[in-house]
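Student: I am attaching a structure below and will ask some questions about it afterwards.
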Amino acid sequence: MVENRPWLTFFTHAVLVIGVIIVVFPVYVALIASTHGPFAMGSGRMPLLPGDQLWNNVVEVLTETRRGAAPFWLMAWNSLWMAVIITAGKIVISILSAFAIVYFRFPGRVLAFWIIFITLMLPVEVRIIPTFAVVANLGLLNSYLGLTIPLIASATATFLFRQFFMTVPDELMEAARVDGAGPMKFFRDILLPLSRTNIAALCVILFIFGWMQYLWPMLVTTDPNYYTLMMGVKRMAAVQDADPQWNIIMAAVVMAMLPPVLIVIFMQRLFVKGLVETEK
Amino acid sequence: MDTKRTVFPSQGLPYLLVAPQIIITLIFFIWPAGQAVKSSFEREDPFGLATSFVGLSHYVRLFQDPAYLASIGRTAVFALAVTVISMGLALILAVAVNRLIRSATTYSTLLLWPYAVSPVVAGILWWFLFNSSTGILPYMLSFFGVDWNHQLNGTHAMILIIVAASWKQISYNFLFFLAGMQSVPQSLNEAAAIDGAGPFKRFWTIVFPLLSPTTFFLLIVNLNYTMFDTFGVIDATTTGGPNQATNILVYKVYTDGYIGLNLGSSSAQSVILMLFVIALTVIQFRYVERRVQY
Amino acid sequence: MASIDIKGVRKVYPGNVKAIHALDLSIEDGEMVVLVGPSGCGKSTLLRMIAGLETITDGTISIGSDVVNRKEPAERDIAMVFQNYALYPHMSVRQNLEYGLKNRGTPRDEIDRRVTEAARILEITPFLERKPRQLSGGQRQRVAMGRAIVRQPKAFLFDEPLSNLDAKLRGQMRIEIRRLQRNLKTTSVYVTHDQLEAMTLADRLVVMNGGRIEQVGKPIDLYDRPASLFVAGFIGSPPMNLIPVEQLRALAGAAMPVLPEGTDILGIRPDGIMVGGSGGIPLSGVVELIEPVGGESHLYVRVEGIDQVLILVLQGRAEVAETERVDFVLPVAALHGFNRESGKRVE
């Protein structure tokens, strides 16, 4: 900073500490709850220090299937698959279509661009019923395909790759052509290696996106074998008024939110890049 | 729309390349959206055997329905509150982090991770905190004479979803404000300091005006977020209640259509929301174009 | 190795933008031809049409005996050196050199032999395992040339390869390119907007303007006998003085020589003007500015009655000072006559 003002620096830290407390508080309470036994949480006497029951609670979450949900490990497996398929699918179809739109001139190119663009304007929330009907008619209810395919069309990923390809010098493609590389060889040998960081950053963002999906899996799965974690923990929480086992619920909630949170913390650079660039 | 200076000679290949994306978009986006528009003009008989064209009557009825009009009002309150709260807090935090050098990364990490908490989990967390029998916040509020009960009190329920939705969005806004501030050239700050402006004056006269593209961008994104992505928050906490008090537009589409099976009305609501997203997208892209030129 | 034949080639871009007008040019086997002209004159377009990176609207281009109009760049057996080098950033220098050979299915030992040889010639052997971003501009330039050499193509195409280098390095690389091309005797087409580069590199120089060829010939012939006002102004530095005949006649009176029909502009190189002396058109003017360049001096002289400031090049140091008057002579033998209307030389 330009000048040194100790009181301002102190104030800055104070603001940030309060901010961090606000941000951390709900998760801290959930963590604490997950370390106590079933009877620790009476009215308003929710403990604020960790207990010693974390391991027991985790074991119970992993071994006992709660009412209304599927086995935890199965839901975690489904969430993982869903996130991975959505991530891979979005990246593959977006990078291919961006490649076609930037490196070819063909009749219908602009139309294709606009069709992709339109997906931005039609979030799944506004076309719930007809999309559900399409998936049902295709016989994709209760399947990984039904869970993922309708979510993998992505204008933002296509735009990100398009923007990146436009910054790749024209001469690189010309040199590759002179060197005897056809379109797909150029794509594989030159463009794909150059896109590595962009792909990695997108992977981080899209994995989180896929992991967080809630409404869509809730619509297309009726078979508990296809429940995802987000649905599962909500279903577990929903029956809690009758059966206040908050310690177990919070253990499950913490475990369900852990994978994407760890990704953000440990891949912060890629995460920031992915988030900032997809929104450009 | 640009291509490269030279392009590959093309026969079928580019069509093959765009085909997966286009086919998925047509089947799962365009066609369902078309269906929604179509059925918003139709009425199905009780057995689902025949449909008849009813023109704008679903729309007319919607705008005469006090429940729908109330839902619009609640959505507006919710969207505005979440946008203002989450952007305000995020801006303060971003300004603070931007002042620091050594500890900036640590604070950033601590503030960024809630992005990875899904809306439905955010809902569950805050529901737990506000739960009237075990929650810690009602206990604390009772000392201030507040008898918290979001299961009966509509205002309390609204506050609950506003808090949960804002909490989750702080990280996102923080990140973009911070990125925006870091792109303000340090030399401008230094020049202003030489011109005798103190830190607060510098922020309001130099940094904040230069942040206006970021602020505007976040405004659009946050409106979009509160209108659509908060479905999980609401479904995990109030499910639209009590007595419709938190039944915002997107949740109403779901309850009327998927649960209530009122296809025509739900479709008309979908179409209205689509028009809203289209408007937001157009505004956003017109502005992005200008930003590119700038 | 091969000759390149360009016959009646035109290039029209969408929107009826004509970039090249019915152009003919024959490039002989082993020859270094430099295309030079201001930006937008069509020189790069022509090169890229030879390379196969631009389509040909009309006419034919042959390399060797094959018409290559419909061939992909890779099938034309040419190599190209780009202005920004266009090295593959994620590949090592060695991989960059090998890529084109691998794509052609050249045997492994042959690839190794050629890469080693090219690296030796260009003195880039120590950098073979480095990535392009770890190299300096000059080194990258060498790698880009190496990529062309290993291919042993029928022709090298250079697209302003030196314009990203600083002045000193540019001078060195110019000499190296010339030496390399002489040794390899590979037919080369070289595009530049720098007339000094063009003069020093070319076996034959092609001056282009507005999508047409203004003049083709040995560099020194173009300098001595520019065929048009454009070439006269473009080749040579400082540029040729061009003076309207009527202004000169008014000043010279009886000393004015008899000019061929249609001459209305006279040109004279700055080093053709003689200070003092006799036997030509005597003029006199005020020295506005002197640029001492070292071995010679450039004088900017304003002559009453002539709109243009004349440039004189004197060997050694100038013996006049700024604002002083100087007497000089335009020798008749050093004059070039042009017609204003057609822009052509008048003999």
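The values are calculated or read from the model by the stated rules, or taken from the named source; none is laboratory data. Note that the structure is predicted; figures quoted are calculated from it, not measured. Heads up, the Cβs are rebuilt from the backbone with ideal geometry, glycines too, and the neighbour counts pull from every protein chain shown. Areas reflect the complete protein model, heavy atoms only, side chains present, ligands, DNA and RNA absent. Shrake-Rupley method; radii C 1.70, N 1.55, O 1.52, S 1.80 Å.
Student: Step by step: first the residues of region A:236-269, then only those that are open to solvent by 50 Å² or more (accessible area, probe 1.4 Å) and over 21 Å from A:Val29 (Cβ atoms), then the one that is modelled with the lowest pLDDT. Which residue is that?
Tutor: Top of the filtered list is A:Ala242.
Student: Just checking, which of C:Val81, C:Val36, C:Val68 is surrounded by 19 or more Cβ atoms within 10 Å (Cβ to Cβ) and free of Cβ contacts under 8 Å to residues at least 24 places away in the same chain?
Tutor: Criteria check complete, one pass: C:Val68.
Student: Hey, another quick one. Given the structure, is A:Ala112 within 7 Å of chain B (Cβ to nearest Cβ), in contact with a helix residue (DSSP H, G or I) (Cβ under 8 Å, 6 or more places away or on another chain) and of a type in the set (Gly, Ala, Ser)?
Tutor: yes
Student: Would you list the strands (runs of 3 or more DSSP E) that sit entirely within region C:241-322 and hold 3 or more residues that are over 26 Å from C:Phe230 (Cα atoms) and over 32 Å from the mean Cα position of the chain (by Cα)?
Tutor: Those strands (runs of 3 or more DSSP E) span C:280-292.
Student: Scan the helices (runs of 4 or more DSSP H) fully inside region B:1-118 and keep the ones with 2 or more residues being in contact with a helix residue (DSSP H, G or I) (Cβ under 6 Å, 6 or more places away or on another chain), facing chain A (nearest Cβ under 9 Å) and not basic (Lys, Arg).
Tutor: B:13-25, B:31-39, B:66-99, B:104-112
Student: Also, quick follow-up: Quick one: which residue in A:Phe159, A:Phe117 is part of a helix (DSSP H, G or I) and over 23 Å from B:Lys38 (Cα atoms)?
Tutor: Residue meeting the stated conditions: A:Phe159.
Student: Residue check: is C:Arg204 of a type in the set (Lys, Arg), out of contact with any Asp or Glu (no Cβ under 6 Å at 6 or more places or on another chain) and at pLDDT 95 or above?
Tutor: yes
Student: Going by the conditions given, is B:Thr75 surrounded by fewer than 18 Cβ atoms within 10 Å (Cβ to Cβ), among the β-branched types (Val, Ile, Thr) and either closer than 30 Å to A:Lys90 by Cβ or touching a strand residue (DSSP E or B) at 6+ places or on another chain (Cβ under 6 Å) (or both)?
Tutor: So B:Thr75 does not fit the description; no.
Student: Moving on to the next point. Taking A:Val92 as the residue in question, decide whether it is open to solvent by 50 Å² or more (accessible area, probe 1.4 Å), assigned to a helix (DSSP H, G or I), within 14 Å of another protein chain (Cβ to nearest Cβ) and modelled with pLDDT of 95 or more.
Tutor: Considered against the rule, which asks whether it is open to solvent by 50 Å² or more (accessible area, probe 1.4 Å), assigned to a helix (DSSP H, G or I), within 14 Å of another protein chain (Cβ to nearest Cβ) and modelled with pLDDT of 95 or more, A:Val92 comes out as yes.
Residue-wise test of (1) modelled with pLDDT under 90; (2) buried (at least 21 other Cβ atoms within 10 Å of the Cβ).
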residue: A:Asn4; (1), (2): yes, no
residue: A:His36; (1), (2): yes, yes
residue: A:Gln53; (1), (2): yes, no
residue: A:Asn56; (1), (2): yes, no
residue: A:Leu80; (1), (2): no, no
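Student: Consider region B:209-236. How many of its residues are over 17 Å from the mean Cα position of the chain (by Cα) and within 17 Å of B:Ala79 (Cβ to Cβ)?
Tutor: Count: 0.
Student: Looking at region A:248-278 only, could you name the residues that are within 7 Å of chain B (Cβ to nearest Cβ) and within 24 Å of A:Phe117 (Cα to Cα)?
Tutor: A:Val272, A:Leu275, A:Val276
Student: Let me ask something additional. Which members of region C:246-285 meet the condition of being among the aliphatic types (A, V, I, L, M), farther than 14 Å from C:Val329 by Cβ and in contact (Cβ under 8 Å) with a residue 40 or more places away in the chain?
Tutor: Hits for region C:246-285 are C:Ala250, C:Leu259, C:Ile265.
Student: Determine the pairs where a residue that is away from every other protein chain (no Cβ under 13 Å), located within region C:45-64, has a partner that is of a type in the set (Phe, Trp, Tyr) and part of a strand (DSSP E or B) with Cβ atoms under 9 Å apart, the partner being 6 or more residues away or on another chain.
Tutor: Matching pairs, first to second residue: C:Thr57/C:Tyr13.
Student: If you don't mind, there's one more thing I want to ask. When the residues of region A:192-218 are narrowed to those that are open to solvent by 30 Å² or more (accessible area, probe 1.4 Å) and β-branched (Val, Ile, Thr), which ends up farthest from the other protein chains (Cβ to nearest Cβ)?
Tutor: Result: A:Ile199.
Student: Being at pLDDT 90 or above, open to solvent by less than 10 Å² (accessible area, probe 1.4 Å) and more than 18 Å from the chain's Cα centre (by Cα) is true for just one of C:Ile63, C:Ile27. Which residue is that?
Tutor: Within the list C:Ile63, C:Ile27, the selection yields C:Ile63.
Student: Identify the single condition in (1) within 7 Å of another protein chain (Cβ to nearest Cβ); (2) more than 30 Å from C:Gly52 (Cα to Cα); (3) open to solvent by less than 10 Å² (accessible area, probe 1.4 Å) that A:Leu147 does not satisfy, given that it satisfies every other one.
Tutor: (1)
A quick yes/no check of all residues on (1) open to solvent by less than 20 Å² (accessible area, probe 1.4 Å); (2) under 30 Å from A:Met236 (Cβ atoms):
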residue: B:Ala192; (1), (2): yes, no
residue: B:Phe200; (1), (2): no, no
residue: B:Leu211; (1), (2): yes, no
residue: B:Phe216; (1), (2): no, no
residue: B:Ile220; (1), (2): yes, no
residue: B:Thr226; (1), (2): yes, yes
residue: B:Thr239; (1), (2): no, yes
residue: B:Gln244; (1), (2): no, yes
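Student: Same structure, new question: Please specify each residue of region A:48-63 satisfying the condition of being free of Cβ contacts under 8 Å to residues at least 24 places away in the same chain and either outside any loop (DSSP other than H, G, I, E, B) or charged (D, E, K, R) (or both).
Tutor: A:Asp52, A:Trp55, A:Asn56, A:Val59, A:Leu62, A:Thr63, listed by residue number.
Student: Among the numbered criteria (1) closer than 23 Å to B:Val163 by Cα; (2) part of a helix (DSSP H, G or I), which single criterion is violated by B:Asn243?
Tutor: (2) is the only condition that B:Asn243 fails.
Student: With respect to A:Arg177, determine if the residue is within 14 Å of chain C (Cβ to nearest Cβ), more than 25 Å from the chain's Cα centre (by Cα) and outside any helix (DSSP H, G or I).
Tutor: no
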